[in-house]
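Since the structure comes first, as structure tokens, the remarks are kept for the end.
The values are calculated or read from the model by the stated rules, or taken from the named source; none is laboratory data. Here the structure is a predicted model, which means the values were calculated and not measured. Every residue, glycine among them, receives a Cβ derived from its backbone with ideal geometry; neighbour counts consider all protein chains shown.
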Amino acid sequence: MAESKNNIVTHGLSGKVGDILVFSQRNGKTIVSKAPKERKGEASEKQKEQITKFQQAVIYAKTALQDQTTKALYTAVAKPEKGISAYNVAVADLLNAPKIEEIDLSNYNGNINDTIVVTAIDDFQVAVVKVIINNADGSLVEQGNATLQRTKWVYIATANNSDLTGDKITIQATDIPDNLSEKTETI
């Protein structure tokens, strides 16, 4: 890839030149690229959904960066030297929901203080992991938030549950923009 240094003609240039070139600024550098082609035909339903989700991500990022606490979180992981701003991190955070990778029920026998261990990950940060325990008939046994202990989320049971047959353990993980992922296991 060719690189031009101290080019007084293109330095700071941005915008479209005819239908051929687009100049843009990224991380202090002038980028030249081929002009995008105009879309032909109607967007598919999946494309429309993605466009809407991206619009929501842009609105979220602009709003999130107005809150100094949230802005500090995103700024801390931004990599300006690689062209990744706090804004980029916030947009990506809304576009990616947490993933619940593992639910460890081996230490849950229906007794108070038994534990349920959850591995949940996110591209930025998992904010809350909620555990909901229902009997086979659908009645609620208990629910509450797990606490983060190193790299795992641990829920400590607060109620006795004498019959575990057919019980459902539902895990809900949310991130800072409130994306929700849910996974259920039946005992």
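Against the condition closer than 18 Å to GLU101 by Cα, among the aliphatic types (A, V, I, L, M) and surrounded by 17 or more Cβ atoms within 10 Å (Cβ to Cβ), how does VAL131 come out, does it pass? It is true that VAL131 is closer than 18 Å to GLU101 by Cα, among the aliphatic types (A, V, I, L, M) and surrounded by 17 or more Cβ atoms within 10 Å (Cβ to Cβ).
Is it the case that some residue within the range 85-100 is touching a Ser or Thr at 6+ places or on another chain (Cβ under 9 Å), of a type in the set (A, V, I, L, M, F, W, C), assigned to a strand (DSSP E or B) and at pLDDT 90 or above? Checked against the condition, which is being touching a Ser or Thr at 6+ places or on another chain (Cβ under 9 Å), of a type in the set (A, V, I, L, M, F, W, C), assigned to a strand (DSSP E or B) and at pLDDT 90 or above, the range 85-100 yields at least one hit.
Is one or more of the residues making up the range 123-140 among the acidic types (Asp, Glu), in contact with a strand residue (DSSP E or B) (Cβ under 9 Å, 6 or more places away or on another chain), assigned to a loop (DSSP other than H, G, I, E, B) and within 20 Å of LEU73 (Cα to Cα)? So that I can check it myself, show each step before the final result.
Step one: of the range 123-140, the residues among the acidic types (Asp, Glu) are 123, 137.
Now restrict to residues that are in contact with a strand residue (DSSP E or B) (Cβ under 9 Å, 6 or more places away or on another chain): 123.
After this cut, where a residue has to be assigned to a loop (DSSP other than H, G, I, E, B) as well, the list is 123.
Retained after the next criterion (residues that are within 20 Å of LEU73 (Cα to Cα)): 123.
The answer is yes, given that some residue of the range 123-140 is among the acidic types (Asp, Glu), in contact with a strand residue (DSSP E or B) (Cβ under 9 Å, 6 or more places away or on another chain), assigned to a loop (DSSP other than H, G, I, E, B) and within 20 Å of LEU73 (Cα to Cα).
Checking the range 53-72 against the condition returns a match, with at least one residue being touching a helix residue (DSSP H, G or I) at 6+ places or on another chain (Cβ under 7 Å) and without any contact (Cβ under 8 Å) to a residue 24 or more places away in the chain. Between a residue in the range 101-130 that is more than 30 Å from ALA86 (Cα to Cα) and any residue that is aliphatic (A, V, I, L, M) and at pLDDT below 95, which pairs come within a Cβ distance under 6 Å, given they are 6 or more apart or on different chains? Short answer, once both residue conditions are applied: GLY110/LEU164.
Does the range 36-46 contain at least one residue that is among the hydrophobic types (A, V, I, L, M, F, W, C) and more than 30 Å from ASN7 (Cβ to Cβ)? So that I can check it myself, show each step before the final result.
Taking the range 36-46 as the starting set, the residues that turn out to be among the hydrophobic types (A, V, I, L, M, F, W, C) are 43.
Pick out the ones that are also more than 30 Å from ASN7 (Cβ to Cβ) and you get 43.
Yes, because at least one residue in the range 36-46 is among the hydrophobic types (A, V, I, L, M, F, W, C) and more than 30 Å from ASN7 (Cβ to Cβ).
Residues in the range 170-180 that are part of a strand (DSSP E or B) and surrounded by 19 or more Cβ atoms within 10 Å (Cβ to Cβ): ILE171, GLN172, ALA173, THR174, ASP175. Among the residues making up the range 43-71, those that are over 27 Å from VAL118 (Cβ atoms), aliphatic (A, V, I, L, M) and part of a helix (DSSP H, G or I) are ILE51, VAL58, ILE59, ALA61. LEU148 meets all of the listed conditions (1) part of a strand (DSSP E or B); (2) closer than 17 Å to LYS183 by Cα but one, namely (2).
Table: residues versus (1) surrounded by fewer than 12 Cβ atoms within 10 Å (Cβ to Cβ); (2) basic (Lys, Arg).
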site: PRO36; (1), (2): yes, no
site: ARG39; (1), (2): yes, yes
site: GLN55; (1), (2): yes, no
site: VAL77; (1), (2): no, no
site: VAL91; (1), (2): no, no
site: LEU94; (1), (2): no, no
site: LEU105; (1), (2): no, no
site: TYR108; (1), (2): no, no
site: ILE116; (1), (2): no, no
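Here ASP123 does not qualify as farther than 26 Å from ILE187 by Cα and in contact with a Pro (Cβ under 6 Å, 6 or more places away or on another chain). Of all the numbered requirements in (1) without any contact (Cβ under 8 Å) to a residue 24 or more places away in the chain; (2) hydrophobic (A, V, I, L, M, F, W, C); (3) closer than 15 Å to GLU185 by Cα, ALA76 misses one, and that requirement is (3).
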